[in-house]
Every structure is written in structure tokens, then in C-alpha cells.
1. Can you tell me how many residues within the range 59-85 are within 20 Å of the chain's Cα centre (by Cα) and not small (G, A, S)?
2. Hey, can you tell me all the residues within the range 72-93 that are touching a residue at least 24 places away in the same chain (Cβ under 8 Å) and open to solvent by 30 Å² or more (accessible area, probe 1.4 Å)?
3. Regarding R116, is this residue modelled with pLDDT under 95, open to solvent by 80 Å² or more (accessible area, probe 1.4 Å) and more than 30 Å from I192 (Cα to Cα)?
4. Limited to the range 249-266, what total is found for residues that are modelled with pLDDT under 90 and open to solvent by 30 Å² or more (accessible area, probe 1.4 Å)?
5. Find all pairs meeting these conditions: Cβ atoms under 9 angstrom apart; at least six residues apart or on different chains; first residue within the range 97-120 and β-branched (V, I, T); second residue in a loop (DSSP other than H, G, I, E, B) and open to solvent by 30 Å² or more (accessible area, probe 1.4 Å).
6. Of all residues in the range 28-60 being open to solvent by 50 Å² or more (accessible area, probe 1.4 Å) and in contact with a Ser or Thr (Cβ under 8 Å, 6 or more places away or on another chain), which is modelled with the lowest pLDDT?
7. Need the failing condition index for E108 against (1) in a loop (DSSP other than H, G, I, E, B); (2) more than 24 Å from A201 (Cα to Cα), just the number.
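The values are calculated or read from the model by the stated rules, or taken from the named source; none is laboratory data. This one's a predicted model, so the numbers in the text were calculated from it and none came from an experiment. For neighbour counting, all protein chains shown are included, and Cβ atoms are generated from backbone atoms with ideal geometry for every residue, glycine included. These accessible areas exclude ligands, DNA and RNA; they are computed on the full protein's heavy atoms, side chains included. Shrake-Rupley method; radii C 1.70, N 1.55, O 1.52, S 1.80 Å.
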Amino acid sequence: MNQEPAGLPGSAAEGVYLFCFACPAAIPAIGGPGLEDTRAVSCEVAGVVAVVTPVNVEEFCGPASEANLRDLAWMAPRAFHHEMVIERVMRSSPVLPARFGTIFASPESMARFLARHHLAITRFLESITGQEEWAVKGFLERSKAEKRLLEADDRFLRLPSSPGSRYMQLQRLRAEAGRAVASWAKTVVQAIGKELEREAADVRTVKPRVLDAPEKLFEGIANWAFLLRRETVEHFRGRVEQVGARYRESGVHLEVSGPWPPYHFCPSLGDDEESDSSRSEMPE
């Protein structure tokens, strides 16, 4: 394709913000409420569309960029828009999503990037067709887990009758149960992961996020990204519910969500000199 990306950019300060690469079928999906400023540009390499919008480069890599990227009021709507565009495109085409803040100096530099990585991008789009990324997160309710471990200990059933001795023994058992929880939870996570991965086309293990909760009643202990064939999604969700029910009384809770852009399964395109923003990197 040799279509000229008209109107991108309009000045030296403007760059090209990349949301994702997709198939030409995605073009009609771009537009509508909230997406009026987003354009689908047919790049020079056949069979791939770059979904882009003009952007002021200085907002992401100029003197004000550090303050902008620390400002939630500035970041939140832009990050939301980034995901909204990609999810809109996903309805019509497989996508290779770009990370938030991926910027090129010009349409030409973006096209050169696409030309260099065309084979990897097209192969990925072909391989991801008909598949979706779904997330499963595991949380530990530590107090409940400790209680279950304590009650399963034979010594808990044989506590001394003397109040003082009983109290001291119970405290020791509780301390041991507290120390044993981490090892027990690790074993449970491994068992759950092996069981669920049999239902997926592919899986990635992701570092759990630390929950910012005052009392921290729940701890993140597992985070997986599963690549699922679209026709198996409902079966997979039912399987997660079934497995989760087995461990719920022991203090382990599973949460499933999706579909998400397939960030965790994207090919690593590496750093590229065409990309100008300090935050502009393709998914790894």
C-alpha cells in the first residue's frame, strides 16, 4: 500500500502516536464517540494497518514529560483512551498492541519500523486470529489460610487443659501456621496453574501486583495471562470457577477477566531508533 497518511503530523512538534498494528479490516472500526481524533493509516507494507493519531512529542519526551507522567490527572484519561482504541480495533481484527506512549517522529519513520518488523508483525497477527488474552489472578486471605492450616494440625486437637500452657502452645502453633502459609500458597498456585494451563493455547506467568489496601486482607499471590481460542472462553471461565471453589474455604480466591489486548504474547520487536519517546517501546 502506498497511501499517504494525510494530515500526520501537522508541525515539527507533532509526532505519530501508535496504538496498535492490525489488519485492514480494522479501518471501519476506527471512529465514533471518543475516537474522532484517531486515524487508521494504511502503511506502505501490504496487509498491515497502523492505528495512530497526531501527538505533541514534547508532552511525552520534552521538559514537561516527567511531570506529566507522574500526574494521574494527565495520565489516566490518556491511558484509558489508549486501551479504548485498541479494544475497539479488537472487535474487527487481531491486534499487536503498542505500549502506552509509543511515538514516532513521522509517518515515514513509523513505516520504516513496520518494514523492518513486517514479518514478525504479520506472523503474529495471523497466529492470534480467533484467540483472546484472558487474565486470572489469585488472592490469598491470609487469616483464613492460617486458620485452616492451624486446624489441620493434630497438635491443635491435643492442646493442654491448663489455660497458661494452652495459651503458650496455641501461640506457637499460630506462629508456625503463619510461617507455613507462604510455602503452602506457593504449592497451591503451582497446582492451579498446571490445571488451568491445560485449557489454554498458551500461558504467561506475570508478577502479582501488590494491593494498595489499608488492611491488606487479600494478598496477590498469582497472576496469569492465558491465550484462549474464542470458542473455549466460556468453558475456561467455568473451569476457573470450579477450581476456585475448591480452594475458597482455604483462603484462596481466583478472579478472571478479559478479553484483553494480547500484550503478554506479542513478539519482542526490541528498541528502535525510529521511536522518539523515552517511553516508546514495543511490547516484550
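1. Residues in the range 59-85 being within 20 Å of the chain's Cα centre (by Cα) and not small (G, A, S): 11 in total.
2. Of all residues in the range 72-93, those touching a residue at least 24 places away in the same chain (Cβ under 8 Å) come to 81-93.
Hits for the range 72-93 are H81, E83, M84, E87, R88, M90, R91, S92.
3. So R116 passes the test.
4. 1
5. Short answer, once both residue conditions are applied: T102/R279; T102/E281; I103/D276; I103/R279.
6. D37
7. All conditions are met except number (1).
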